[in-house]
Amino acid sequence: MTIETVGIIGAGTMGNGIAQACATSGINVVMVDISEAAVQKGLATVAGSLDRLIKKEKITQADKEAALARIQTSTDYAALKSAQLVIEAATENEALKVKILQQVDDLVGPEVIIASNTSSISITKLAAATKRADKFIGMHFFNPVPMMALVEIIRGLQTSDATHDTVKALAERLGKSPITVKNAPGFVVNRILIPMINEAFFVLAEGLATPEDIDAGMKLGCNHPIGPLALADMVGLDVCLAVMNVYLEELGDSKYRPCPLLKEYVNAGRLGRKTGQGVYTY
């Protein structure tokens, strides 16, 4: 199946980023959110992002206008009926996602593929909330979506080969480099990344080096663009802790034990950039 129109639920950071990636690749978009203010804010973010690309001479004014013309917005799920693929990009809350997916499942045609942009919730579990588990898949984009090349394509237990191949082809059409992943806690990237951040906290707690030197070591020694502690501050220390707790619970392996110092910072309200202080002060 060729996908000409993509429905996106959620006009926030991820939703509007996915909308931009689709629209600039010649694909029509229907972006839906709960309020007119939310969809207009999402549309304004896309316009601002495209303006920055014009300044960098990556695109022209005509390219911007053509991309924006491909994005239709609505507060009514019925607008999604024209889509061949619907991507759910709502807040990372399982109950909310299940509610949205069931509504969409009842509304769109039986041939429509439904994808979730979840970064942590089981695709098999979300698929089971619908009547089309074979046409359900994970499409985990990375932030900022227009800039990041990676998309994790996550197969649930019952995802069909045809669904996988269609979604992979779409990701490539968006100029992304998709990787295929089996359903498991954290998928691939976060499964490796978050324990690495946790280990950096153990190194810090043991006083082996200063935060600056730990980050410099990983940047210079492993060619990472940002050190793990600075990255933790960007992600949010509360998010890192929550993910480690999920791994510990789901996988039952003590190697996923959250570092006590990470817990201490979270208990102190030092959550990173969003609170002005984490490992570093902002």
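The values are calculated or read from the model by the stated rules, or taken from the named source; none is laboratory data. All values derive from a computational prediction rather than experimental measurement. FYI the Cβ positions are ideal-geometry reconstructions off the backbone, even for glycines, and counts take in every protein chain you see.
What tally of residues in the range 223-273 results from selecting those that are within 23 Å of the chain's Cα centre (by Cα), surrounded by fewer than 20 Cβ atoms within 10 Å (Cβ to Cβ) and on the phi > 0 side of the Ramachandran plot?
1
Quick check, is Gly236 of a type outside the set (Ser, Thr, Tyr), touching a strand residue (DSSP E or B) at 6+ places or on another chain (Cβ under 6 Å) and closer than 19 Å to Phe142 by Cα?
Numbers: of a type outside the set (Ser, Thr, Tyr): yes; touching a strand residue (DSSP E or B) at 6+ places or on another chain (Cβ under 6 Å): yes; closer than 19 Å to Phe142 by Cα: yes.
Spelling it out, Gly236 is indeed of a type outside the set (Ser, Thr, Tyr), touching a strand residue (DSSP E or B) at 6+ places or on another chain (Cβ under 6 Å) and closer than 19 Å to Phe142 by Cα.
Can you name the number of the only condition in (1) in a loop (DSSP other than H, G, I, E, B); (2) within 16 Å of Val189 (Cβ to Cβ); (3) not charged (D, E, K, R) that Met234 fails?
Of everything listed in (1) in a loop (DSSP other than H, G, I, E, B); (2) within 16 Å of Val189 (Cβ to Cβ); (3) not charged (D, E, K, R), Met234 misses just condition (1).
Consider Val32 carefully, then state whether it is within 20 Å of Ala149 (Cα to Cα), within 20 Å of the chain's Cα centre (by Cα) and modelled with pLDDT of 95 or more.
Details: within 20 Å of Ala149 (Cα to Cα): no; within 20 Å of the chain's Cα centre (by Cα): yes; modelled with pLDDT of 95 or more: yes.
Against the criterion (within 20 Å of Ala149 (Cα to Cα), within 20 Å of the chain's Cα centre (by Cα) and modelled with pLDDT of 95 or more), Val32 does not qualify.
I'm trying to understand the selection: among the residues of the range 74-96, which are part of a helix (DSSP H, G or I) and not small (Gly, Ala, Ser)? Full working, then the answer.
The initial filter retains those residues of the range 74-96 that are part of a helix (DSSP H, G or I), namely 77-82, 94-96.
Residues satisfying the conditions are Tyr77, Leu80, Lys81, Glu94, Leu96.
Table: residues versus (1) among the β-branched types (Val, Ile, Thr); (2) over 24 Å from Cys22 (Cα atoms).
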| site | (1), (2) |
| --- | --- |
| Ile114 | yes, no |
| Asn117 | no, no |
| Ala127 | no, no |
| Thr130 | yes, yes |
| His140 | no, no |
| Pro146 | no, no |
| Ile153 | yes, no |
| Leu157 | no, yes |
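Within the range 267-278, identify whether any single residue is outside any helix (DSSP H, G or I) and among the hydrophobic types (A, V, I, L, M, F, W, C), and answer yes or no.
To start, the set of residues in the range 267-278 that are outside any helix (DSSP H, G or I) comprises 268-272, 276-278.
Among the residues that remain, those that are also among the hydrophobic types (A, V, I, L, M, F, W, C) are: 268, 271.
There is at least one residue in the range 267-278 that is outside any helix (DSSP H, G or I) and among the hydrophobic types (A, V, I, L, M, F, W, C).
Please verify whether Gly138 is within 22 Å of Thr2 (Cβ to Cβ) and of a type outside the set (A, V, I, L, M, F, W, C), treating the condition exactly as stated.
Numbers: within 22 Å of Thr2 (Cβ to Cβ): yes; of a type outside the set (A, V, I, L, M, F, W, C): yes.
Here the answer is yes, as Gly138 does meet what is asked.
Within the range 33-73, restricting attention to residues that are in a loop (DSSP other than H, G, I, E, B) and aliphatic (A, V, I, L, M), which residue is surrounded by the fewest Cβ atoms within 10 Å (Cβ to Cβ)? Give the derivation first.
So in the range 33-73, the residues in a loop (DSSP other than H, G, I, E, B) come out as 33-35, 56-60, 70.
Next cut, aliphatic (A, V, I, L, M) only: 34, 59.
Working: Ile34: 12, Ile59: 17.
Per the criteria, the residue is Ile34.
Can you give me the number of residues within the range 13-32 that are buried (at least 20 other Cβ atoms within 10 Å of the Cβ) and of a type outside the set (A, V, I, L, M, F, W, C)?
5
With respect to Gly175, determine if the residue is under 30 Å from Val29 (Cα atoms) and out of contact with any strand residue (DSSP E or B) (no Cβ under 9 Å at 6 or more places or on another chain). It would help to see each step written out before you state the result.
Numbers: under 30 Å from Val29 (Cα atoms): yes; out of contact with any strand residue (DSSP E or B) (no Cβ under 9 Å at 6 or more places or on another chain): yes.
For Gly175, the condition - under 30 Å from Val29 (Cα atoms) and out of contact with any strand residue (DSSP E or B) (no Cβ under 9 Å at 6 or more places or on another chain) - is met.
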